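Asker: Following this message is one structure expressed as structure tokens.
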Amino acid sequence: METLFTSLIVLQFLIVAVHDWIDIPGWLHGSRVQMVVGRRKLVWATLINLIFPGCAVAYAIRFYNTPKPGYVLNYWLIYTLVTVASAVLMWWIPYLFGGSARQREEYSRMYAGTRHVLPEREGNRGPNLTHLAFHVVFLSTLALAVALRLKGA
């Protein structure tokens, strides 16, 4: 369980670090995100967003195969919960209940041409396939953080 958690938290860090910066046709269009958000603003957002998963990764490496202090287990739990909550607020609330016209237009520009599997709901496309995969990683990491916390690893 610890190895899986460590692997997923590293993957989560990498997702946060690079997903808005690379282009993989049909999957990730970082150049479009950069165009909509602005490169300078995106650099700052990425650097700030890397602090929290970076700490989680550092703890995972530092305390790998050793007893974890309570503050580490709590940090992982809080960080992964905040990550899932952020995904819900950014993607699922607007998809299920409607987002602002501005958000709908920005997401449409940033994620045009990426694979979508969910049906459109009143003009809201919802997360593309890549973000759905990210959300599975986030939920899995949260589930493992809960299990580690309950175990008192």
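Asker: For residues that are in a helix (DSSP H, G or I) and open to solvent by less than 30 Å² (accessible area, probe 1.4 Å), tally how many sit in segment 122-133. Give the steps one after another, and end with the answer.
Answerer: Step one: list which residues in segment 122-133 are in a helix (DSSP H, G or I), which gives 129-133.
So of that shortlist, the ones also open to solvent by less than 30 Å² (accessible area, probe 1.4 Å) come out as 130-131.
Number satisfying all stated conditions: 2.
Asker: OK, next. Does segment 1-39 hold any residues that are part of a loop (DSSP other than H, G, I, E, B) and without any contact (Cβ under 8 Å) to a residue 60 or more places away in the chain, and which are they? Steps first, please.
Answerer: Here is the first cut: in segment 1-39, the residues part of a loop (DSSP other than H, G, I, E, B) are 1, 19-22, 25-27, 38.
Result: D20, W21, I22, G38.
Asker: Under 8 Å by Cβ, and 6 or more places apart or on different chains, what pairs join a residue from segment 104-121 that is farther than 17 Å from F134 by Cα with one that is among the hydroxyl-bearing types (S, T, Y) and open to solvent by less than 70 Å² (accessible area, probe 1.4 Å)?
Answerer: R121/Y95
Asker: Please go through segment 1-17 and pick out each residue that is under 11 Å from the mean Cα position of the chain (by Cα) and of a type in the set (A, V, I, L, M, F, W, C).
Answerer: Within segment 1-17, the subset under 11 Å from the mean Cα position of the chain (by Cα) is 9, 11-17.
Within segment 1-17, I9, L11, F13, L14, I15, V16, A17 meet the criteria.
Asker: Next question, about the same structure. Please state which one of L81, L73 is open to solvent by less than 20 Å² (accessible area, probe 1.4 Å), in contact with a Leu (Cβ under 7 Å, 6 or more places away or on another chain), assigned to a helix (DSSP H, G or I) and of a type outside the set (D, E).
Answerer: Numbers: L81 fails: open to solvent by less than 20 Å² (accessible area, probe 1.4 Å).
After ruling out the rest, the residue left standing is L73.
Asker: Would you point out which residue out of G99, G54, G126 is out of contact with any Cys (no Cβ under 9 Å at 6 or more places or on another chain) and at positive phi?
Answerer: Working: G99 fails: at positive phi; G54 fails: at positive phi.
Step by step, each of G99, G54, G126 is checked, and only G126 is out of contact with any Cys (no Cβ under 9 Å at 6 or more places or on another chain) and at positive phi.
Asker: Now a separate question. Against the conditions (1) part of a loop (DSSP other than H, G, I, E, B); (2) in contact with a Gly (Cβ under 7 Å, 6 or more places away or on another chain); (3) open to solvent by 20 Å² or more (accessible area, probe 1.4 Å), where does Y64 fall short? Just the number, please.
Answerer: The number of the failed condition is (2).
Asker: All but one of (1) surrounded by 12 or more Cβ atoms within 10 Å (Cβ to Cβ); (2) free of Cβ contacts under 8 Å to residues at least 24 places away in the same chain hold for I51; state the number of the condition that does not hold.
Answerer: (1) is the only condition that I51 fails.
Asker: With respect to A145, is the statement that it is small (G, A, S), in contact with a Leu (Cβ under 8 Å, 6 or more places away or on another chain) and touching a residue at least 12 places away in the same chain (Cβ under 8 Å) true?
Answerer: yes
The values are calculated or read from the model by the stated rules, or taken from the named source; none is laboratory data. This one's a predicted model, so the numbers in the text were calculated from it and none came from an experiment. Note: ideal-geometry Cβ built from the backbone for every residue, glycine included; neighbour counts use all protein chains shown. Accessible surface areas use protein heavy atoms only, side chains included; no ligands, DNA or RNA. Shrake-Rupley method; radii C 1.70, N 1.55, O 1.52, S 1.80 Å.
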